[in-house]
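Novice: First the structure, then my questions, so here it is.
The values are calculated or read from the model by the stated rules, or taken from the named source; none is laboratory data. All values reported here derive from a predicted model rather than from experimental measurement. So basically every Cβ, Gly included, is an ideal-geometry build from the backbone, and we count neighbours across all protein chains shown.
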Amino acid sequence: MRIVRYWLEGRTGRGVLTGDEVREFPDGNTESGAVVGRLSELTLLSPCDPRTIVCAGSNYGGQLAEKGMPRPQQPSLFLKGRNAITGPDAVIVRPAEVQRLEYEGELAVVIGRTARHIPADRAADFILGYTCANDVTAHDWRADGQWARAKSADTFCPLGPWIETEIPDPTALRITTRLSDRTVQEAPTSDMVFGVAELLAYVTRWITLEPGDVLLTGSPAGVGPMQPGDIVEVEISGIGTLRNTVAGQS
């Protein structure tokens, strides 16, 4: 199932995508409802509205090798503010003070049930599905230690285009990032140092995740700069493509 959030005729809704049609979200155990509209007739929003966004840093073997870093003994975690969330086809805004704005294509895990102290072998029971993410980063601010603003400025967390619930093995996907049609990142998710289940078990030892919350699982090698006017796409096999345009702050 592909779950979407959308804006149509002045209201926000939640639905299920079938082909190019969006239908009303199922109520309980019922079938999906009437057709809301076609994709071309509505605006897709971020497919979830998380309370908490937890992120794993330096979690791909290829990126560690690129940086000359050793494999970590435990995940490196940070948070993004929910104000950073934006959706597919939305604009990523580069703050006027930032010289280097970076893309980081990532697999995002969307939580389906309240998760606290979950064992790794039960992680799948707490996952609603998966979507694409761009962990946008202001390199200048990260370099001077200002991680909160480097990761959490407005529009710095595009998610979408939908939540795919039928992913039997999140380690069997391929993530590709394109910058204005040029491939800049490409790797299998099996290159993660800590897999989805390990990350969820680790995070929920201290942080309770609620339905709709998001875990970003790290970015492959090839992170680089974006400029105003660029189009950045994060494509994950079996899920879809998240597309955004970069603009300068007006």
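Novice: State whether the residues of segment 99-109 include one that is more than 20 Å from THR245 (Cα to Cα), crowded, with 20+ Cβ neighbours inside 10 Å, at pLDDT 95 or above and not β-branched (Val, Ile, Thr).
Specialist: Of all residues in segment 99-109, those more than 20 Å from THR245 (Cα to Cα) come to 109.
Next, only the ones that are crowded, with 20+ Cβ neighbours inside 10 Å stay: 109.
Among the residues that remain, those that are also at pLDDT 95 or above are: 109.
In the following step, the residues that additionally are not β-branched (Val, Ile, Thr) were identified as none.
No - not one qualifying residue is present in segment 99-109.
Novice: Answer yes or no as to whether ILE207 is crowded, with 19+ Cβ neighbours inside 10 Å and touching a residue at least 60 places away in the same chain (Cβ under 8 Å). First the steps, then the outcome.
Specialist: Working: crowded, with 19+ Cβ neighbours inside 10 Å: no; touching a residue at least 60 places away in the same chain (Cβ under 8 Å): yes.
Considered against the rule, which asks whether it is crowded, with 19+ Cβ neighbours inside 10 Å and touching a residue at least 60 places away in the same chain (Cβ under 8 Å), ILE207 comes out as no.
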